[in-house]
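Laboratory data are not the source of any read-out in this text; all were calculated from the coordinates shown. Source: prediction; values computed, not measured. Cβ: placed from backbone, ideal geometry, glycine included. Neighbour counts: every protein chain shown.
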Amino acid sequence: MLRLQQQKVLEECKWTPGEGQLRYIEALIFPDRKNATPDNYQEGDLSDEDVIAWLRQTDRFVRPTDSRLGKEEGSIRLLICERFGFHPLEFGLSKKSWEAIVEELGEPTEMLPFFKFNGGGHSYCFRPSAPDQTPEQLVITIKVPQMYQIANYGLCLTHSFKTHVTLGFMFGWNMINDENWKRCMNTERPRHLEPHGPRISDLIQKEVPNWRHPLLLPVILLEDHVYNADRYKGFDLSPRATNLEKQLGVTKAGRNVGSLKPLDFGARSQNMTVEKRFEIITDINTTVTEVVTFTGNLRWDNRYCQFLRDISKDIREFKSTQGGEPKLENTIETLATLVVSILEHAEAIKARLDIQLDVLYNLVAQVDSNVNSTIAATTGLDSVAMKALAFVTTIFLPPTFIATLFSMSMFDWQADGKAQSPNPNEGSKVVSRHFWIYWMISVPLTIVVLLTWRTWWHREKNHYRQKYPHVKLDNIVPDMGSNVFNRRIKKMWERKKTEDIELN
């Protein structure tokens, strides 16, 4: 089923052999050897030209016999390869060396697709012997979920139950040294993260009694993954969450219990700039996203623990009639407990960040509410002033227009007086007898203007009421003829009379 995908990934792969990109580990099992010494443990850098010789144990990799050590009872042979890039896969070796590795491992079809997969996966199978179909080899392929703060590597191994030889190939980022990290990553290596290869070597050296166990390398991979996850949680996520709580200043718990002074949340919300709020929101969302990815990795660790339990159960059933193997069940259960503990802590961090995000949103809402209230009060005050001016202008505009019109030179209001008096100066009058014409025209015209304005007002009000049915316009904009507006005018008049009395 996976051969087509394997071929497609193989065609896309890049091969970039070079110095410092391959490393080998050999642990030889001898009777009565309880510690790793130069006699039974070797490791070192490997060039691409020497890969085939190392796999076939020829040339300088031929093992010398030493009668002092006794008969060799098995071995662990692990080849570690640095990874460059993600898509496509880029190996720190040549295609020829890769084909030799695949051949020695028995051509597992799932290895390349798993190495390319960024979500994590694992599989195992038993290869039976020809005569009696009893399991002769165990094949395990593992790929951890991709998260550069923890790990991104894969492991494929075969273990022979007859010779007790484990041959493994490990491939991933940050495997050997910092130089390779700088080459393949665009960011600095986190201070909590160590190269995986040296630490895996140390773990193998400390587990001499379990070198015969087929699950030693998979359990070491789990231990390294859990170790880096715990360091990432302790050195990165937890301090970042505490620092964000400290910046907002509304949580006095944990490490912040004695570091904060009583704060006025309202004053703090008003003094926080828009740029600062945006920066904190960005930091919280970034940290929450990383916590979500982190918890996904820990859930994979949980499934991986169950995967190891299943293999261990199958091995016990198979080896029960053949004397058994060293046990790693207690180590698996201990690591499973640590995974659950770290997962619960990560979920607690996410819950704390969610609380801080809610607090920040409330802070933003409070600021926006204060701004909106200020704008509304200012707008309302301006609106009242403009309405008063508009009302006064509406009343005086028609008489002003008529007065201006009648003051033009085309009207001569003193024409009758000049005609009847022999002295032209006696014909001047203070009030013309035609003054009634002014009122007869201006008053009806004012009434017509008011009626026209009121008709237009109601039409626009109905238009906005239909356009915004959820808004109660009567509570926002008082009708110029309504009781509300009349009461306002009455209050303004009474206030004016009171001020006049006090001045007098």
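Can you compute the modelled spin-label distance between I355 and T293, with each label point 7 Å from Cα toward Cβ, in nm?
Modelled inter-label distance: 2.6 nm.
Could you give the dipole magnitude of the range 7-66 about its Cα centre, charging the beta-carbon of Lys and Arg +1 and that of Asp and Glu -1, in debye to the nearest 20? Mind dumping the intermediate values first?
Details: 8 positive and 13 negative charges, 47 e Å.
Its charge dipole is roughly 220 debye.
Subtracting the Cα-Cα distance from 0.36 nm times the residue separation, let me have the gained length for T109 to H87 in nm, one decimal.
Working: separation 22, 0.36 × 22 = 7.92 nm, distance 1.91 nm.
So the extension gain works out to 6.0 nm.
Provide the FRET efficiency to the nearest 0.05 for the N35-L4 pair, computing r from the beta carbons and using R0 = 60 Å. Let's see the in-between values first.
Working: r = 48 Å, r/R0 = 0.79.
E(calc), rounded to 0.05, equals 0.80.
Roughly speaking, what is the stretch gain from K14 to T286, that is 0.36 nm per residue apart minus the C-alpha to C-alpha distance, in nm to one decimal? Before the final figure, lay out the partial values.
On the way: separation 272, 0.36 × 272 = 97.92 nm, distance 3.24 nm.
Gain in length upon complete extension: 94.7 nm.
Please arrange W453, W436, W211 by counting, for each residue, the other beta carbons lying within 10 Å of its beta carbon, fewest first. Walk me through the numbers before you get to the answer.
Values: W453 14, W436 9, W211 24.
Starting with the residue having the fewest Cβ neighbours, the order is W436, W453, W211.
Provide the per-residue ³J(HN,Hα) series for the range 19-28, in order, calculated from phi with Karplus coefficients 6.51, -1.76, 1.60 and θ = phi - 60°, each as a whole number of Hz, with x at glycine and proline positions.
6, x, 10, 10, 8, 10, 9, 10, 10, 9
How many nm separate the modelled label positions at N362 and S383, each set 7 Å beyond the Cα in the direction of the Cβ?
Distance between the two pseudo-spin positions: 3.1 nm.
Could you give each residue of the range 226-239 its phi-based ³J(HN,Hα) in whole Hz, using Karplus coefficients 6.51, -1.76, 1.60 with θ = phi - 60°, and x for Gly or Pro?
Rounded to whole hertz, the list is 5, 4, 5, 5, 5, 5, 5, 5, x, 9, 10, 5, 5, x.
Where the only charges are on Cβ atoms (+1 Lys, Arg; -1 Asp, Glu), what is the dipole of the range 1-116 about its Cα centre, to the nearest 20 debye?
Values: 16 positive and 22 negative charges, 44 e Å.
The dipole magnitude comes to about 220 debye.
What order, most packed first, do the peptides 152-158, 102-108 have when packing is the mean number of other Cβ atoms within 10 Å of each residue? Before the final figure, lay out each step's value.
On the way: 152-158: 23.7, 102-108: 15.6.
So the order, starting with the most tightly packed, is 152-158, 102-108.
What order do you get for E279, E72 when you list them from fewest to most C-beta neighbours inside 10 Å? Write down the numbers at each step before the final one.
Values: E279 12, E72 17.
Exposure proxy ranking, most exposed first: E279, E72.
Could you go through the range 335-351 in sequence order and give the Karplus-derived ³J(HN,Hα) for each residue, using 6.51 cos²θ - 1.76 cosθ + 1.60 with θ = phi - 60°, rounded to whole Hz, and x for Gly and Pro?
These are the phi-based 3J(HN,Hα) values: 5, 5, 5, 5, 4, 4, 5, 5, 4, 5, 5, 5, 5, 5, 4, 4, 5 Hz.
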